[in-house]
Structures are given as structure tokens and as C-alpha cells.
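What follows is one structure encoded as C-alpha cells, with my remarks underneath.
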């Protein structure tokens, strides 16, 4: 069997970097001064590797933006389906870039040429960038979040309309209805008939007890079970990369 | 200091368990490990096959998570599954399309797609823009996918990665285009949403079992077995602690003190 030394080198570098970074997380920073030189070295290497990773990730964000622009430029030039939307995206991209680049250049021409105050010509202080985030990105993000509620209602309705009902669908439906009743603003008025006692328990108390039990016992138990499984799956995936069983970094 | 040592020992034990079980699974005559049926993985060959036969493309989403953050394992799982699916779907008239919200994941996806075409002796078929960053924020990513699915003649979507509530936008687009969606996320809230909206949802740690179900390599099956053992150990530990604390409280009420 032919050994591909390039692959061996790549795998070795990835394994060593991964293991050093992992071990670095188990070093107690407060006890670092009393630790031996090996532990201190591992910790220092971890910090160095993480700082390199942050730098590379920042470059990758720029490449991502270039990719985004290239994909939509191709759509516009080929006039593919939905190309006018791509044009809007490109305009938005260019506007955001211009907002980030123009003021710093203006700031270079004098100490405070527009009277915005020191530090307002670049970075997060840039009023143009702040305007784009506040009035475009935040507003659109809120609008999309609002839409999700409607999609969820439709999805829940569609789930209950499935031709074959499974036990999970039935449980989902019952819990959804109970949750809606539990969170609805009923029974708040003390003069409401629901506050009349039946066998020593009011309807309001019964509703609160069922809702509290549902949300704090089965829901929390299920969520913790899911989280435990997800955590173990995530750790196993990471360890497989460290053991070079999975190699997502090339052929 | 103790918590760091415990964390370190658990990591070493888990890694050792995966390594030893992998070695045992690779031995000649080793009994293959069984897997329970997961609907989402059972439906994958049909989804990919339909894309190839109808000359449309398969859309693989590796989520809005980023490499280097908490979402790294989920994104890596999506990328591994991409390798398996692209190997089959690359023969379609329209190549698979990969979407992400992270530059590093995009670069890795491009590398994987390039490798797939190289293995199939068709490097000229590789399209550098098949792996796309469609949005740089989770909500932007979800909103952009509503356009990708109907506009790029997508026959089916496989979402495996880290997504939040924005996943609903994608599954809704799939429903409107009448294309199947196989979807899993590492976020419990998103899993609940996907359970209601996706055709084939992945629940809990099913997302991380993708490699084992698709390529059935002994190492991946062994990793699943190691996870099961760890779950049993942790679950058993939790039950023991609960029993101990209950006994301690009961005995304390009787005037007997446990350490």
C-alpha cells in the first residue's frame, strides 16, 4: 500500500494541534504559576493555536462574503430564477461595505471634519454602520422572527392533519393544547366561576398544577435527556477527529 | 483542580473506549453491531435517488453554525454526511448545492466536493460556487434558504448541522416546493420545531449518528457503542446519586447522618 506522506503530515498536524488544544482546556489557570513547565507550555500553545484559529476564521468570513457576492453576481449575469433578489443582496452588500469604508476615509482627512466626535469615524462607533444595523438588519430580523410564529402554527396544524397518526403526533397535539390552555390568560379574575371550589380544588389551581407539572417534570426531563445525548454525540465527534477516524480537512 | 482532572480523565476514558471498540470492531470475524431503525436515514437513499433520476439537485445544508465555536461537532457531522451524499449525487445532471453561514465551513465543503469529483475522475465537473455562504447571520441564512430551494430546482434537502428557529423557514420552503426534508440540529429548541415541520426529523443525538448509518464503517459503529456505554455510565451515576441523596435525607430525618 502506497503511503501518502502529505496526508500523514496533515493528519499528524491536526491531531497534535487538537490534542494540545484539548489538554490546554484542562489546565487550571489559577494554579498555572505553580504548575510544571510542560503544563505551562501546553497552556501557552493552546492560547497560540486558538489565536491563530481566530485569525484564520476572520479571513474565512471575508472569503464567505466574497463567495456570497460571487454567487449572486452569477445569478444576476445569468438572469437565473429570482435574480432581482440577488441584485438587492448585492446592493445591500455594497451599501454596508460603503458604510464601513467611507467614514474612516473622511476621518483621515482631519481630526474631526464632520463634528461627530473622536472615535466615531470607524469601528462600532461609525454612525452609518449603526444606522444600517438599527434600521435595516434589526428591523428585518425582527420581522422574520415574527413570521416564524405563523409558520409554526401552520406546521403544528399540518402535523395534526397527517393521514397516519402516530403516538408522537397525538402526544404532541395533547401537550400543545394543554400548554395553550396553561398559558392563556384565563381564570385571573378572582370572581371568575373557575375559582369556585370543587372538592377543595379550584379549576384555576388544577390548571396551574397541570401546567407546572408538564413544563417542569416531563419537559425538563426530556430536554435533559436530549442534551445529554447531544453532548455525548458532540464529544464523540470531536474525539473521532482527534483520533483521525474522521478527517474533514482534506483528501 | 479536581474538576479539571475529572474532565481530563473522562475525555481520556471516552477516547480510549472509542479506540478500543474500533480495534475490536475491525478484527476479522467481529460481529457487526446492530443499529435501530431511524426513519430519516432510511429515507436518505430515496431522496438522493429521486434527485439523480429527475435531473434536479440535492441541497445539503450544514447549518448556520461555525467551525471553532460550540457548533463545530454538528457542522463537522454535516460535512461528513456531505461527503457520503455528494459521492452518490455528483452523477446527477445538476450537482449538489451546499449552503452554510460560515466561511470556514464553506471552504471545507468546497474541499470535500472537489475531492468527490476527483475520486470520480471528473475534476472538471467541480463547480467552485456549489458550496455557498448564503447569509452571514442565522436569521439571514434561514431567510436566504427560502429562495434557494425553489429557485435552484432542488429535489430534496438534507439539513444536518447547527440551526435554531430559522430552520422553520427552510422546512416551510421545502413544504411549499413539495420536496422532502431530512433535518437534524444540535439545538433542542430547533429539534422540537423540526419534529413538527420536517418530513424526516432527527431527534436527540441521531444527528451525530449520521456517519454510522450512512457508511457503516466499524469505527463509526464503535463510536456509537461507546456513546451508549457512556450514557449508561452517566445515567447510572445520576440514579445512584439520587438514591444516595434520598436515603441521606430519609436517614437524617431519623437522626442518622450519612457522609
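Residue by residue through region B:205-221, note down the ones that are touching a residue at least 60 places away in the same chain (Cβ under 8 Å) and facing chain A (nearest Cβ under 9 Å).
Of everything in region B:205-221, those that are touching a residue at least 60 places away in the same chain (Cβ under 8 Å) and facing chain A (nearest Cβ under 9 Å) turn out to be B:206, B:207, B:208, B:209, B:211, B:219.
Please find, among A:27, A:42, A:76, A:50, the residue that is without any contact (Cβ under 8 Å) to a residue 60 or more places away in the chain, more than 10 Å from every other protein chain (Cβ to nearest Cβ) and closer than 23 Å to residue A:243 by Cβ. First the steps, then the outcome.
Numbers: A:27 fails: more than 10 Å from every other protein chain (Cβ to nearest Cβ); A:76 fails: closer than 23 Å to residue A:243 by Cβ; A:50 fails: more than 10 Å from every other protein chain (Cβ to nearest Cβ).
None of the other options fit; the residue is A:42.
Taking residue B:87, is it more than 9 Å from every other protein chain (Cβ to nearest Cβ), part of a helix (DSSP H, G or I) and either touching a residue at least 40 places away in the same chain (Cβ under 8 Å) or closer than 14 Å to residue B:211 by Cα (or both)? Steps first, answer last, please.
Values: more than 9 Å from every other protein chain (Cβ to nearest Cβ): yes; part of a helix (DSSP H, G or I): yes; either touching a residue at least 40 places away in the same chain (Cβ under 8 Å) or closer than 14 Å to residue B:211 by Cα (or both): yes.
Yes.
Residue B:234 fails exactly one of the following numbered conditions: (1) at the interface with chain A (Cβ under 8 Å from one of its Cβ atoms); (2) in contact (Cβ under 8 Å) with a residue 60 or more places away in the chain. What is the number of that condition?
(2)
Would you mind finding the one in B:88, B:104 that is in the same structural domain as residue B:186 (by TED's automatic domain parsing), in contact with a helix residue (DSSP H, G or I) (Cβ under 6 Å, 6 or more places away or on another chain) and modelled with pLDDT of 90 or more?
Details: B:88 fails: modelled with pLDDT of 90 or more.
It is B:104.
Out of (1) more than 30 Å from residue A:146 (Cβ to Cβ); (2) in contact (Cβ under 8 Å) with a residue 12 or more places away in the chain; (3) facing chain A (nearest Cβ under 8 Å), what's the single condition that is false for residue B:76?
Going through the list (1) more than 30 Å from residue A:146 (Cβ to Cβ); (2) in contact (Cβ under 8 Å) with a residue 12 or more places away in the chain; (3) facing chain A (nearest Cβ under 8 Å), residue B:76 breaks only (2).
Quick test for you: out of B:127, B:151, pick the one residue that is in the same structural domain as residue B:59 (by TED's automatic domain parsing), under 17 Å from residue A:75 (Cβ atoms), surrounded by fewer than 19 Cβ atoms within 10 Å (Cβ to Cβ) and at pLDDT below 85. Full working, then the answer.
Details: B:127 fails: at pLDDT below 85.
Sole residue among the options that is in the same structural domain as residue B:59 (by TED's automatic domain parsing), under 17 Å from residue A:75 (Cβ atoms), surrounded by fewer than 19 Cβ atoms within 10 Å (Cβ to Cβ) and at pLDDT below 85: B:151.
May I ask you to say which residue of B:29, B:16, B:34, B:55 is out of contact with any helix residue (DSSP H, G or I) (no Cβ under 8 Å at 6 or more places or on another chain), without any contact (Cβ under 8 Å) to a residue 60 or more places away in the chain and either in a strand (DSSP E or B) or within 30 Å of residue A:54 (Cα to Cα) (or both)?
Working: B:29 fails: either in a strand (DSSP E or B) or within 30 Å of residue A:54 (Cα to Cα) (or both); B:34 fails: either in a strand (DSSP E or B) or within 30 Å of residue A:54 (Cα to Cα) (or both); B:55 fails: either in a strand (DSSP E or B) or within 30 Å of residue A:54 (Cα to Cα) (or both).
When all the criteria are applied, what remains is B:16.
Among the residues of region B:50-73, is any over 21 Å from residue B:207 (Cβ atoms) and within 11 Å of chain A (Cβ to nearest Cβ)?
No: region B:50-73 contains no residue that is over 21 Å from residue B:207 (Cβ atoms) and within 11 Å of chain A (Cβ to nearest Cβ).
Could you tell me whether region B:154-176 includes any residue that is closer than 16 Å to residue A:71 by Cβ, within 12 Å of chain A (Cβ to nearest Cβ) and touching a strand residue (DSSP E or B) at 6+ places or on another chain (Cβ under 8 Å)? Walk me through it before giving the result.
Initially, region B:154-176 is screened for residues closer than 16 Å to residue A:71 by Cβ, giving B:154.
Going one step further and asking which of them are within 12 Å of chain A (Cβ to nearest Cβ), we end up with B:154.
In the following step, the residues that additionally are touching a strand residue (DSSP E or B) at 6+ places or on another chain (Cβ under 8 Å) were identified as B:154.
Checked against the condition, which is being closer than 16 Å to residue A:71 by Cβ, within 12 Å of chain A (Cβ to nearest Cβ) and touching a strand residue (DSSP E or B) at 6+ places or on another chain (Cβ under 8 Å), region B:154-176 yields at least one hit.
The values are calculated or read from the model by the stated rules, or taken from the named source; none is laboratory data. Bear in mind that the values here come from a model prediction, so they are computed numbers and not experimental data. As a convention, Cβ positions derive from the backbone with ideal geometry for all residues, glycine included, and neighbour counts pool all protein chains shown.
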